[in-house]
1. Quick one: would you say A:K45 is within 14 Å of another protein chain (Cβ to nearest Cβ), under 30 Å from A:R183 (Cα atoms), touching a Leu at 6+ places or on another chain (Cβ under 7 Å) and within 12 Å of ligand 1 (Cβ to nearest atom)?
2. If a residue has to be of a type outside the set (D, E, K, R) and either open to solvent by 40 Å² or more (accessible area, probe 1.4 Å) or assigned to a loop (DSSP other than H, G, I, E, B) (or both) to count, how many in the range A:145-176 make the cut?
3. For the structure I just gave you, tell me whether A:T33 is within 13 Å of ligand 2 (Cβ to nearest atom) and among the hydroxyl-bearing types (S, T, Y).
4. I want to confirm something. Restricting to the range B:88-98 and keeping residues that are touching a residue at least 40 places away in the same chain (Cβ under 8 Å) and outside any helix (DSSP H, G or I), which single residue is surrounded by the most Cβ atoms within 10 Å (Cβ to Cβ)?
5. Go through the residues of the range A:79-90 one by one and say whether even a single one is out of contact with any Pro (no Cβ under 7 Å at 6 or more places or on another chain) and small (G, A, S).
6. Being surrounded by 15 or more Cβ atoms within 10 Å (Cβ to Cβ) and away from ligand 1 (no atom under 13 Å from the Cβ) is the filter here; which residues of the range A:16-26 pass it?
Amino acid sequence: MIELEDVSYAYGGDTLFADLSLSVQPGSFLFLTGPSGAGKTTLLKLIYGDLLATSGRVALFGQDAAEMSRDQMALTRRRIGVVHQDCQFLDHLPVAENVALPLQVSGRADEAAQNLDDLIGWVGLTRQANQTPPQLSGGERQRAALARAVITSPDVIVADEPTGNVDWEMSQRLLTLLVELNRMGKTVLIATHDLNLIRAAKSQVNAQLLRLTRGRLESGVTL
Amino acid sequence: MTGRLSALWTLLRGDGQADRAVPPSGFTARLTVFTAAAMAFLAVFALAFSVSSGRLADRWAQELARTSTLRISAPAVEVEAQTAAALQVLEQTPGIAEARALTEAEEQALLEPWFGPDLPLDALPMPQLIEIVETEAGYDATGLRARLQAEVPGAVLDDHTRWRDPLVDAANRLRTLGWAALLLILGALAAMVTLAAQSALSANAQVIRVLRLVGARDSYIARAFVRRFTLRAAAGAVAGTAAGMACILLIPEGPADGFLTGLGFTGPGWLVPLLIPVLCAVIAFLATRLAANATLRSHL
Ligand SMILES: Nc1ncnc2c1ncn2[C@@H]1O[C@H](COP(=O)(O)OP(=O)(O)OP(=O)(O)O)[C@@H](O)[C@H]1O
Ligand SMILES: [Mg+2]
């Protein structure tokens, strides 16, 4: 459902990675690891259409990302829930409204009421629901970002370091949420440095491991 | 056009939540309202100016076009004969509907405003006046003058055009100036709303980015801005128009053809300035939409 063929990406002059291929199958659970600065975030941005590949082909749900109209890209993004490494909230709105935003912009606001409270409860933000994102701690923001990524129950969930700032117990809780969604048939792709998280996931689902180093993507890596 | 209108309607019906996505910006908001109010206020005057000079031009043109005067200055003994001769010439001239010698009483009435009611007309060498009413087609003034010169030496034809034309011309030009001023005012409003919208759009670049990342279409994002600026411009324009109309109402009344006292609207003409807020809202809507679409296209 997400295909990368011979993709390269360069910020300005120097190429970050080249001739990289990846095929993400529906219902799979993928981890992406690699040293800091290897380009994990960049790769994820290609997958949710925030960046366009310098060369090669990125197909999202069968459509070439480079050829999509702006509206088509918006509709594609609605099928991919994203936890951004830098969270990306509307800082003037309370957490609850930020979490509901993907429903809001896709005209499904009426669905918010039922799920929203449960979801916010699950990520442990009931008390903070009416605060604004800048008032939250780093870990609380990541939890809010995860809640926002899954609120629409999207086909694909992409999470960039979703547990970077949360304690072990909370990261297990967030993992459980992602595993549950995966069991419901959703595709999950997580970039992380957290080996313990990967181990915990491997014990619950059939998770595959990808490693991005020195511009190359290795798949089928074992811990 | 109907597409535009229905877009405007959807917009005004509103989506409060989409509005909340863009943080309120107190200062630019107040500036936009103020600008729209000031421009609408000026627009009311430009409109009044235009409408009034147009009315004046029409009235003058109409009143003066169809009449002229023949003046006979001759030694007292000849006046009667020359008047008869002149009337005969006029009767034979094509394009003249009616020619009539004014009576002494009428002449006195004409002079009264200048000399008072006790003017001893008999004691003064008064010229005899003949009032000429033209037909629709009008007469040939040069030909008539030539004939009169030959047959009625004391006759002077005053066909008013000497001073009528520049007056009507001036009034017409003032009307055009009024319309031009109105256009400029509305153009300036469009420019200012565009600037304000652009500044709001660039101040909210991060908001736009977040909305796009969660799958908002351009139209959704644009709507939040467009609705805001349209409503602000409309609100300001309503206030400005109301103030402008009130000021025009307060101009003291005077003779209907006085230019200054005649500035304003008459009867159903008072409905015309009510279009100004609508026009301002439409202008703000289009200006913001253009600005928003251009900005959004420049984002990935
Ligand atoms: N907008 C940008 N402009 C220029 N260079 C950039 C930009 N974003 C990232 N880079 C560079 O690209 C490289 C890869 O960045 P990226 O964020 O993809 O790494 P990462 O693997 O996600 O790292 P981390 O594990 O620290 O999150 C880095 O060297 C970074 O400096
Ligand atoms: Mg990263």
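The values are calculated or read from the model by the stated rules, or taken from the named source; none is laboratory data. Because the structure is predicted, anything quoted here is derived from the model rather than measured. Using ideal geometry, Cβ is built from the backbone for each residue, glycine included, and neighbour counts are taken over all protein chains shown. Quick note on the areas: whole protein, heavy atoms, side chains included, nothing else; ligands and nucleic acids left out. Shrake-Rupley method; radii C 1.70, N 1.55, O 1.52, S 1.80 Å.
1. Working: within 14 Å of another protein chain (Cβ to nearest Cβ): yes; under 30 Å from A:R183 (Cα atoms): yes; touching a Leu at 6+ places or on another chain (Cβ under 7 Å): yes; within 12 Å of ligand 1 (Cβ to nearest atom): yes.
In short, yes.
2. Of the residues in that region, 12 qualify.
3. On the way: within 13 Å of ligand 2 (Cβ to nearest atom): yes; among the hydroxyl-bearing types (S, T, Y): yes.
So A:T33 passes the test.
4. Within the range B:88-98, the first condition is being touching a residue at least 40 places away in the same chain (Cβ under 8 Å), and the residues that meet it are B:89-90, B:93-96.
Now restrict to residues that are outside any helix (DSSP H, G or I): B:93-96.
Values: B:T93: 16, B:P94: 11, B:G95: 15, B:I96: 18.
Among those that are touching a residue at least 40 places away in the same chain (Cβ under 8 Å) and outside any helix (DSSP H, G or I), it is B:I96.
5. There is no residue in the range A:79-90 that is out of contact with any Pro (no Cβ under 7 Å at 6 or more places or on another chain) and small (G, A, S).
6. The first filter runs over the range A:16-26 and keeps only residues surrounded by 15 or more Cβ atoms within 10 Å (Cβ to Cβ), leaving A:16-18, A:20, A:22, A:24.
The answer is A:A18, A:L22, A:V24.
Rundown of residues vs (1) assigned to a helix (DSSP H, G or I); (2) farther than 30 Å from B:L271 by Cβ; (3) within 33 Å of the chain's Cα centre (by Cα); (4) at pLDDT below 85, yes/no style:
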position	(1), (2), (3), (4)
B:L56	yes, no, yes, yes
B:R59	yes, no, yes, yes
B:Q62	yes, no, yes, yes
B:Q82	yes, yes, no, no
B:A85	yes, yes, no, no
B:R100	no, yes, no, no
B:A105	yes, yes, no, yes
B:L110	yes, yes, yes, yes
B:P113	yes, yes, yes, yes
